[in-house]
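Data first, discussion second: the structure below is written as structure tokens.
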Amino acid sequence: MPPDEPDYLRRLVIILASFFVGFTLIILSGWDLIYNPGSGDGWLIWSLRRLPLVLGVGLLLTGFLLLRKPVENDPSVPSDDVENIDGA
């Protein structure tokens, strides 16, 4: 595929993977923090234990940003006659 054409399948896979991995990280690390809060840990260990949660939120935000990004027009597909929708 030439570089000037958008790759819709690759974008869809990245969005779905970021949603799946993000939700998985949030759920698993959230439940781990509920069962083992580690309130007596030092600041470095405390930060490292919350790192998967922050990464999961970052992946979810990335997925939503990619989902909201406008889709480019594919130059290989002929343009629709949307302006002339009434047939005139």
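Laboratory data are not the source of any read-out in this text; all were calculated from the coordinates shown. Nothing here was measured: the structure is a model prediction, and the numbers come from that model. Virtual Cβ from ideal backbone geometry, glycine too; neighbours counted across all protein chains shown.
In table form, for the structure just shown:
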quantity: Residue check for V13: under 30 Å from V71 (Cβ atoms), assigned to a helix (DSSP H, G or I), among the hydrophobic types (A, V, I, L, M, F, W, C) and in contact (Cβ under 8 Å) with a residue 12 or more places away in the chain; calculated: no
quantity: Cβ-Cβ under 8 Å pairs, at least 6 apart or on other chains, region 55-68 side in contact (Cβ under 8 Å) with a residue 12 or more places away in the chain and in a helix (DSSP H, G or I), far side among the aromatic types (F, W, Y) and surrounded by fewer than 17 Cβ atoms within 10 Å (Cβ to Cβ); calculated: G56/F23; L60/F23
